[in-house]
1. Quickly run through segment 122-135 and pick out the residues that are without any contact (Cβ under 8 Å) to a residue 60 or more places away in the chain and out of contact with any Lys or Arg (no Cβ under 8 Å at 6 or more places or on another chain).
2. Restricting to segment 17-33, name every residue that is closer than 22 Å to Glu80 by Cα and of a type outside the set (A, V, I, L, M).
3. Which one of these is among the hydrophobic types (A, V, I, L, M, F, W, C), surrounded by fewer than 21 Cβ atoms within 10 Å (Cβ to Cβ) and either part of a loop (DSSP other than H, G, I, E, B) or out of contact with any helix residue (DSSP H, G or I) (no Cβ under 8 Å at 6 or more places or on another chain) (or both): Leu133, Leu118, Leu91?
4. Taking the criterion of being in contact (Cβ under 8 Å) with a residue 60 or more places away in the chain, farther than 30 Å from Gly63 by Cβ and surrounded by fewer than 22 Cβ atoms within 10 Å (Cβ to Cβ), would at least one residue in segment 143-160 satisfy it?
5. Kindly provide the set of residues from segment 45-88 that are touching a residue at least 24 places away in the same chain (Cβ under 8 Å), outside any loop (DSSP other than H, G, I, E, B) and out of contact with any strand residue (DSSP E or B) (no Cβ under 9 Å at 6 or more places or on another chain), ordered by number.
6. Which of the residues that make up segment 334-362 are farther than 20 Å from Thr257 by Cα, at pLDDT below 95 and among the hydroxyl-bearing types (Ser, Thr, Tyr)?
7. For the subset of segment 321-361 comprising residues that are open to solvent by 60 Å² or more (accessible area, probe 1.4 Å) and in a loop (DSSP other than H, G, I, E, B), which member is nearest to Leu101 (Cα to Cα)?
Amino acid sequence: VFNAKTAELLSHHQVEIQQKFPKEGWVEQDPKEILKSVHECVEKTCEKLQQLNIDITNIKAIGVSNQRETTVVWDKTTGEPLYNAIVWLDLRTQPTVERLLKRIPGKNKAFYKFRTGLPLSTYFSAVKLRWLLDNVEEIRQAVDDGRALFGTIDSWLIWCLTGGKNGGVHCTDVTNASRTMLFNIHSLEWDPELCQFFDIPMEILPKVRSSSEIYGLMVCFLKSGALTGVPISGCLGDQSAALVGQMCFQDGQAKNTYGTGCFLLCNTGQKSVFSEHGLLTTIAYKLGRDKPVCYALEGSVAIAGAVVRWLRDNLGIVKTSQEVEKLAAEVGTSYGCYFVPAFSGLYAPYWEPSARGIICGLTQFTNKNHIAFAALEAVCFQTREV
């Protein structure tokens, strides 16, 4: 919660969400757990506000920022997800991508780039949705019955928070829509030809709105009092939200954020710029219905903070993420050890899904400190390359 006049942060709360790895290369999250984490964050943030003697009825508007590309399909009659959310860095759709590539002249991954800004890749929502339609009987059935709704995480949250099966609003914003591969980034509409190519029924898609308008009113009852009736009036995919949050409103201004992955976005103003070097063209923001759309060039790195989580959870060389920095600081160099964390293939600038992680330059002298250093350095190398 921010003070509207000073932009001072008054209260916040965060919850780590569990990632599920049911098979090699698969990454899932529970959509209901994501929703529950939002309710918990709202609840705790409001409690902290009340401890500061701030009345929660002063909250004037709510914004949603979400991990992009992560795909959910749910039943609009029951409000239940029909499958786990398939997370942006999931690799199960590689065979789907290869099958689709065969239908493109010259197997050109960049065939739709000038329409979507994106190469054909496991990363984007359309191929995840295609996989769900091909592999999950409940979803096929729900689509046939007219019960299915598709969305990225913003759509799922806004639909749930504005009433769900009792009149929830099914929408998304231009920044999230531009990451599906079904959206024309020039006309700002779902593209019938792309929907036909991926064989996706357009009636399950959310309505596309600007990043700043009132989508609907929050329906949320808290222990600390009701937050109902507050307008949800902002929606941006996380990387666009970071660009806006860092106030990169001028052509040429850029930000890089270091989370699970690393994302460098450079504002290119009202013109869409296409890269010859493996960057994506994406929508930066559209701050109002009648406002112009602004574009960005993006370099996406799949694994950054996730390599720290991997050292903790998979190798067990640390108990907490913070310890990785201590280990690395103790040696101050990797002594020629290099770590390429291509756990989900390599994204920008290579778009090479078959790449896998590697640690090389090991000697008898190498220990966990050097590996920790090499892991952190990998984030720098990938960023520098982008």
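The values are calculated or read from the model by the stated rules, or taken from the named source; none is laboratory data. All of these numbers come straight from a predicted model, not from anything done at the bench. Quick reminder, even Gly has a Cβ in these numbers, built from the backbone with ideal geometry, and neighbours come from all protein chains shown. Quick note on the areas: whole protein, heavy atoms, side chains included, nothing else; ligands and nucleic acids left out. Shrake-Rupley method; radii C 1.70, N 1.55, O 1.52, S 1.80 Å.
1. Lys128, Asp134, Asn135
2. Gln18, Gln19, Lys20, Phe21, Pro22, Trp26, Glu28, Gln29, Asp30, Pro31, Lys32, Glu33 - these are the residues of segment 17-33 that are closer than 22 Å to Glu80 by Cα and of a type outside the set (A, V, I, L, M).
3. Testing whether each residue is among the hydrophobic types (A, V, I, L, M, F, W, C), surrounded by fewer than 21 Cβ atoms within 10 Å (Cβ to Cβ) and either part of a loop (DSSP other than H, G, I, E, B) or out of contact with any helix residue (DSSP H, G or I) (no Cβ under 8 Å at 6 or more places or on another chain) (or both) leaves just Leu91.
4. Checked against the condition, which is being in contact (Cβ under 8 Å) with a residue 60 or more places away in the chain, farther than 30 Å from Gly63 by Cβ and surrounded by fewer than 22 Cβ atoms within 10 Å (Cβ to Cβ), segment 143-160 yields at least one hit.
5. If the condition is that a residue be touching a residue at least 24 places away in the same chain (Cβ under 8 Å), outside any loop (DSSP other than H, G, I, E, B) and out of contact with any strand residue (DSSP E or B) (no Cβ under 9 Å at 6 or more places or on another chain), then Thr45, Lys48, Leu49 are the ones that fit.
6. Ser334, Tyr335, Ser354
7. Only one residue tops the list, namely Ser354.
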